[in-house]
Amino acid sequence: MKIISFEIYYQKKLCLSYSHIDAIDKIIEIAEKNEKTTIIAIGAITNVALAIKLAPQIISKIKVVWLGGHSPILKDNQEFNFRQDIQAVQEVFNSGVELVVIPCKGVSSHLSISIYELEHYLNENTKPNQFLKTVYLNFMQSQITTPEGKIGFSKVIWDLAPIAYEINPDWFKTKCINCPKVLDNGVYEQTTNQHKITFASYLSRDKIFHDFFMKLGEPNE
């Protein structure tokens with residue numbers, strides 16, 4: 001099994017013309033060369049949708065783990081990754097591809113962390129750790145308008161969720177359901193579709209961050 005991940009945003013959506021975007025070509029190339037490829041999709045799912053549309057022969061050869069949308073039991077699907085390209089979501093859901101959806105609200109949103117945890121557990125001497133803390137601090141400063149604003153402040157590290165699922169799916173509670181229909185307004189409509197997809201309903205925040213801290217360096221005790 002080969003795992004690839006893409007986090008690339010485009011101004012063009014699925015409905016517009018395709019002009020040999022590198023990421024889409026790479027998805028097709030890797031999928032065709034391997035028996036089974038897992039694609040971790042972070043952001044709008046346009047790349048995956050276009051790859052499926054252009055090369056439907058890869059559908060049986062890929063598994064897609066997508067961070068996007070909310071739970072199918074919620075009527076609200078006002079979520080950034082989902083709303084960027086609803087037509088792409090429809091394409092992927094209708095394709096019959098093996099699909100795992102990691103919702104944002106109520107699932108990935110549990111991956112909230114404070115700067116104090118990052119500073120305590122991450123080794124200062126590694127570039128990834130320094131980069132993560134710099135990005136975090138820059139975001140925090142952009143959100144805080146008063147000196148007291150940092151009290152209780154935390155930020156969700158959304159992108160950990162789909163990667164954590166592939167590391168250890170036991171950190172998640174999931175349910176296999178009939179693939180819902182994605183309406184043009186973004187709402188999920190329940191169906192009797194025989195095609196099943198997997199939705200995560202819960203994740204273990206502490207287990208994921210424990211693994212994250214241990215792998216990024218030698219954390220302080």
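Tabulated data for the structure shown
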| quantity | calculated |
| --- | --- |
| Yes/no for THR46 being in contact with a helix residue (DSSP H, G or I) (Cβ under 8 Å, 6 or more places away or on another chain), modelled with pLDDT of 95 or more and either of a type outside the set (A, V, I, L, M, F, W, C) or not assigned by TED's automatic domain parsing to the domain that holds GLU166 (or both) | no |
| Matching option when the condition is buried (at least 17 other Cβ atoms within 10 Å of the Cβ), at pLDDT 90 or above and within 24 Å of CYS104 (Cα to Cα), among ILE58, ILE40 | ILE40 |
| Which numbered condition VAL97 fails, given (1) more than 14 Å from the chain's Cα centre (by Cα); (2) at pLDDT 95 or above; (3) surrounded by fewer than 17 Cβ atoms within 10 Å (Cβ to Cβ) | (3) |
| Candidate set: the stretch 64-90, residues that are assigned to a helix (DSSP H, G or I) and aromatic (Phe, Trp, Tyr); chosen: the one modelled with the highest pLDDT | PHE82 |
| So VAL100, is it of a type in the set (Val, Ile, Thr), assigned to a helix (DSSP H, G or I), touching a strand residue (DSSP E or B) at 6+ places or on another chain (Cβ under 8 Å) and within 22 Å of PRO169 (Cα to Cα) | no |
| Close pairs from the stretch 183-208: first farther than 9 Å from TRP171 by Cβ, partner among the hydroxyl-bearing types (Ser, Thr, Tyr) and assigned to a loop (DSSP other than H, G, I, E, B), Cβ under 7 Å, at least 6 apart | PHE199/SER71; SER201/SER71 |
| Every residue from the stretch 183-214 that is over 20 Å from the mean Cα position of the chain (by Cα) and not assigned by TED's automatic domain parsing to the domain that holds GLY69 | MET214 |
| Residue match in the stretch 119-127 (condition: in contact with a Phe, Trp or Tyr (Cβ under 8 Å, 6 or more places away or on another chain), under 28 Å from GLU98 (Cβ atoms) and touching a residue at least 24 places away in the same chain (Cβ under 8 Å)) | no |
| Selection within the stretch 153-182 - without any contact (Cβ under 8 Å) to a residue 12 or more places away in the chain and more than 18 Å from the chain's Cα centre (by Cα) | none |
| Residue selected from the stretch 105-130 under the condition part of a loop (DSSP other than H, G, I, E, B) and surrounded by 15 or more Cβ atoms within 10 Å (Cβ to Cβ), by the criterion farthest from the chain's Cα centre (by Cα) | LEU122 |
| Meets criteria (part of a helix (DSSP H, G or I), basic (Lys, Arg) and either in contact with a Pro (Cβ under 6 Å, 6 or more places away or on another chain) or at negative phi (or both)) for LYS133 | yes |
| Test result for LYS133, of a type in the set (D, E, K, R) and farther than 18 Å from LYS207 by Cα | yes |
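The values are calculated or read from the model by the stated rules, or taken from the named source; none is laboratory data. As the structure is a prediction and not an experimental result, all values here were calculated from the model. As a convention, Cβ positions derive from the backbone with ideal geometry for all residues, glycine included, and neighbour counts pool all protein chains shown.
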